[in-house]
1. Inspect all residues belonging to the range 10-24 and state whether any of them is within 15 Å of the ligand (Cβ to nearest atom) and in contact (Cβ under 8 Å) with a residue 40 or more places away in the chain.
2. Ser150 versus (1) at pLDDT 95 or above; (2) part of a loop (DSSP other than H, G, I, E, B); (3) among the polar types (S, T, N, Q): which is the lone unmet condition?
3. Looking at the range 40-72, which of its residues are under 25 Å from Ala122 (Cα atoms) and more than 15 Å from the ligand (Cβ to nearest atom)?
4. If only one of Tyr52, Tyr24 is among the aromatic types (Phe, Trp, Tyr) and either at pLDDT 95 or above or over 14 Å from the mean Cα position of the chain (by Cα) (or both), which one is it?
Amino acid sequence: MTDRPIHRKATPDYRWDKVDLLPYKEDGSAPFKSITRQTLFADPALAGELRYFEMADGGFSTLERHQHMHAVLILRGRGHCLVGDDVRAIEPRDLITIPPMTWHQFRATGGEPLGFLCMVNAARDKPQLPTAADLARLKADPKIAAFLES
Ligand code: MN
């Protein structure tokens, strides 16, 4: 976004005027399912970006960790998220903080689309994916194993 519109009107179905609906990730290098991305705010004068992600029922974001942080506000739908060692039920208006280097994933487990705002650093490191050993360690916790299979 190079222009600076003062007011972008919301349009139906969690879209915004002249905001492109993009694939979740550009390269196919990380696993995810049925999720789209819209960049709502990204300005060189601001050190953060605000994105809207939406996953269809049964969709999920990539299980990953990285140095940069996320601050998430659930806008629509219900689901579950993994943050570190905890699996949490999430619903509209809940706030989720993802600290640096913390495993995280969102899943639309509520039989409906799950949509959320995600505030993130503009300059960010490449996400790390879990190794087989990391996955085994996570899955040793039955609630995390159930979450990853939901
Ligand atoms: Mn992330």
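The values are calculated or read from the model by the stated rules, or taken from the named source; none is laboratory data. Remember, it's a predicted structure, so these values are computed and weren't measured experimentally. For neighbour counting, all protein chains shown are included, and Cβ atoms are generated from backbone atoms with ideal geometry for every residue, glycine included. Calculation scope for accessible area: heavy atoms of the full protein, side chains included, ligands and nucleic acids excluded. Shrake-Rupley method; radii C 1.70, N 1.55, O 1.52, S 1.80 Å.
1. From the range 10-24, those within 15 Å of the ligand (Cβ to nearest atom) are 24; that's our starting set.
If we keep only those that are in contact (Cβ under 8 Å) with a residue 40 or more places away in the chain as well, we get none.
Checked the range 10-24: no residue is within 15 Å of the ligand (Cβ to nearest atom) and in contact (Cβ under 8 Å) with a residue 40 or more places away in the chain.
2. Here Ser150 meets the rest and fails (1).
3. Quick first cut of the range 40-72, residues under 25 Å from Ala122 (Cα atoms) only: 40-55, 60-72.
Residues satisfying the conditions are Leu40, Phe41, Ala42, Asp43, Pro44, Ala45, Leu46, Ala47, Glu54.
4. On the way: Tyr24 fails: either at pLDDT 95 or above or over 14 Å from the mean Cα position of the chain (by Cα) (or both).
Residue meeting the stated conditions: Tyr52.
Results for (1) open to solvent by 50 Å² or more (accessible area, probe 1.4 Å); (2) under 19 Å from Phe147 (Cα atoms), shown as yes or no for each residue.
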position: Asp20; (1), (2): yes, no
position: Glu54; (1), (2): no, yes
position: Ala71; (1), (2): no, no
position: Arg76; (1), (2): yes, no
